[in-house]
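Notes follow the structure.
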């Protein structure tokens, strides 16, 4: 019991918090990508696979060209391509969105293992650190927020931009309309399916960048299925975040904190060292289960303030097809 | 015309993409396929000491076929039972517990382990179902969470309470007492009992949707839950039933994994066969009899592809890619054929 508390207290030091903030970059990009895609009504269930394939593409290009930055557009292209396949299959061919996504998950995962085998153990390339001059020397906030690298800053900027775009611009309103009431959006002159292709591709590109952020920044290098299960966590966080970018970002940080906590627990419970690192995955799902529990939600409905913070419903038209008759 | 297309187009897509994949992998398309066949059932089939390989292939086929049978039930109920992996694992754990703790005459012990596996998987399936019906948690995420839990539990048992005597390692527990092994044919791991159970499960699922009111109602729940509810079908109970049937079948698959194939509990006891079964069922388009050949072919790929490395220096993960390409191209081939048929029909409608 004392061990549980000790490990928790140990999390509150500057270096640990800074590492949680920095380590969240990959999930941050991918979560924003999936949020955008689902907000437009398309569930891209392939995240776990497409993120992995993109992570490989990014790593390979960075290694082969020697320039780490080339990895990111390559990964974005891979992510967007997979997302477009999901969109094409479900919009044009009226295939089941979940089925296409799942098959693509399996396919991309296996493909990344196959294509990546010769890169296992390859000397990694990483994004160079770049502390923001001046800001990074502020006590506590400096190391936590301003002493990382460009990828980490961009991840958080992406969150803010996603939020501003979705809720503060005309185009963002149209994006929401496409996912909530496609008929209404259509009658207002929005090309629903074209928008869905577009935002699914954008979302896929962000998922891909998330993959590259993982292999080029969070955990350098390539091994067998390095990002495995992260994609599923992304899908869970999107629901946990109630399809809201800022809340989803908190979900990502919560997952990072759970991981840090699990690692801190290892010295306290050495006999469980094999199990602990994988605990955050079920734990995150348990959190999701709790916040989605019907009884809890009914109770929340009685408190408008709590409801506004904690509850948010999926886009009404999520996962459905839209056809012009 | 369109009828021909709906068969030819998907088939052509599959063949073209598989050949393209193998050419891209840097081999001629024939060698890997031959090696996979050779490594799984022997080449020419069933010759040259192939008994052991065939046995392994069948024992890989059993859990895939059982899980597929179960998934047909949940898919018909409109559920994506991604938790199937966890259900296989819990079946294996329950069967392993029975094999470790109970001593009984052999036939009784075998029966007990199979029942234990079924119950273990069934309860895990029920849990995913309860999360869905009572908690409103999407079954995909509830199932994933339960998969993670089951996986962690296996690792914990292997390094903790059931650790090997001497050094605890993640390679697995001590082998179970031989009395608990599924009875197998001489010199192989092939257990006729397991194969028969898998076949019976598929026939049973076929009968369920072919000739029973329960199956019909389950299908109705899957097609349109609100309407079924208004017609007086207790939809939640039917959903739970589907999860329990699926979990039980997957759990028996887990028993076969632990007591038929590995003879011990290993961390990757499910062998990812639950996910593979989802691909099989999608490819078979939810038809039980198509599951038999498709899952057998997938089992051949799983057993045969490790020899790719030795023989043609192609990474064994090619097998997994092959499975993915198969399902993906069949799916899009069918989708494309359907799309064209629809367009032809509508343009014909305009003309007449």
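The values are calculated or read from the model by the stated rules, or taken from the named source; none is laboratory data. From a predicted model like this one, the values you see are computed outputs, not experimental measurements. A quick note on method: Cβ atoms are made from the backbone with ideal geometry, for glycine too, and the neighbour counts reach across all protein chains shown.
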*asked:* Within the range A:57-67, does at least one residue satisfy the condition of being under 23 Å from residue A:253 (Cα atoms), crowded, with 24+ Cβ neighbours inside 10 Å, at pLDDT 95 or above and more than 14 Å from chain B (Cβ to nearest Cβ)?
replied: no
*Check the range B:244-257 and report whether any residue there is more than 18 Å from residue B:109 (Cα to Cα) and within 14 Å of chain A (Cβ to nearest Cβ).*
no
*Considering only residues that are within 14 Å of chain A (Cβ to nearest Cβ) and modelled with pLDDT under 95, look in the range B:101-128 and name the one that is farthest from the chain's Cα centre (by Cα).*
B:127
*For the range B:36-44, indicate whether the set of residues that are over 24 Å from the mean Cα position of the chain (by Cα) and either part of a loop (DSSP other than H, G, I, E, B) or under 30 Å from residue B:329 (Cα atoms) (or both) is non-empty.*
yes
*Those residues that are farther than 11 Å from residue B:332 by Cβ and buried (at least 24 other Cβ atoms within 10 Å of the Cβ), I need them from the range A:87-105; list them, please.*
A:87, A:90, A:101, A:105
*Output the number of the condition that residue A:42 fails; it satisfies all remaining conditions of (1) within 14 Å of another protein chain (Cβ to nearest Cβ); (2) within 21 Å of residue A:239 (Cα to Cα).*
(1)
_Members of the range B:307-318 found to be in a helix (DSSP H, G or I) and either farther than 14 Å from residue B:23 by Cα or more than 9 Å from chain A (Cβ to nearest Cβ) (or both), listed by number_ = B:307, B:308, B:309, B:310, B:311, B:312
_I'd like to know if the range B:280-291 contains one or more residues that are part of a helix (DSSP H, G or I), more than 14 Å from every other protein chain (Cβ to nearest Cβ), crowded, with 22+ Cβ neighbours inside 10 Å and touching a residue at least 12 places away in the same chain (Cβ under 8 Å)._
yes
*Filter the range A:243-278 down to residues that are within 14 Å of another protein chain (Cβ to nearest Cβ) and either surrounded by fewer than 18 Cβ atoms within 10 Å (Cβ to Cβ) or under 18 Å from residue A:26 (Cβ atoms) (or both), then give me how many there are.*
12
*In the range A:125-148, which residues are crowded, with 17+ Cβ neighbours inside 10 Å and touching a residue at least 24 places away in the same chain (Cβ under 8 Å)?*
A:125, A:127, A:143, A:144, A:145, A:147, A:148
*Tally the residues that are facing chain B (nearest Cβ under 9 Å) and in contact (Cβ under 8 Å) with a residue 12 or more places away in the chain, restricting the search to the range A:284-294.*
4
*asked:* List pairs: first residue in the range B:252-276 and without any contact (Cβ under 8 Å) to a residue 24 or more places away in the chain, second residue crowded, with 24+ Cβ neighbours inside 10 Å anywhere in the structure, Cβ distance under 9 angstrom, at least six positions apart or on different chains.
replied: B:268/B:154
*Do any residues in the range A:70-95 that are on the phi > 0 side of the Ramachandran plot have Cβ atoms under 9 Å from those of residues that are in a helix (DSSP H, G or I) and modelled with pLDDT under 95, where the two are at least six apart or on different chains, and which pairs are they?*
A:94/B:335; A:94/B:338; A:94/B:339; A:94/B:342
*Would you point out which residue out of A:159, A:103 is within 14 Å of chain B (Cβ to nearest Cβ) and modelled with pLDDT of 90 or more?*
A:103
*asked:* Being farther than 30 Å from residue A:324 by Cα, part of a helix (DSSP H, G or I) and within 20 Å of the chain's Cα centre (by Cα) is true for just one of A:154, A:104. Which residue is that?
replied: A:154
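Every residue, every condition in (1) within 11 Å of the chain's Cα centre (by Cα); (2) under 29 Å from residue A:61 (Cα atoms), yes or no:
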| site | (1), (2) |
| --- | --- |
| A:204 | yes, yes |
| A:211 | yes, yes |
| A:223 | no, yes |
| A:229 | no, yes |
| A:232 | yes, yes |
| A:236 | yes, no |
| A:240 | no, no |
| A:244 | no, no |
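Okay, residues lined up against (1) surrounded by 13 or more Cβ atoms within 10 Å (Cβ to Cβ); (2) part of a loop (DSSP other than H, G, I, E, B); (3) within 13 Å of another protein chain (Cβ to nearest Cβ):
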| site | (1), (2), (3) |
| --- | --- |
| B:141 | yes, no, yes |
| B:148 | yes, no, yes |
| B:154 | yes, no, yes |
| B:166 | no, yes, no |
| B:173 | yes, yes, no |
| B:176 | yes, yes, no |
| B:190 | yes, yes, no |
| B:199 | yes, no, no |
| B:221 | yes, no, no |
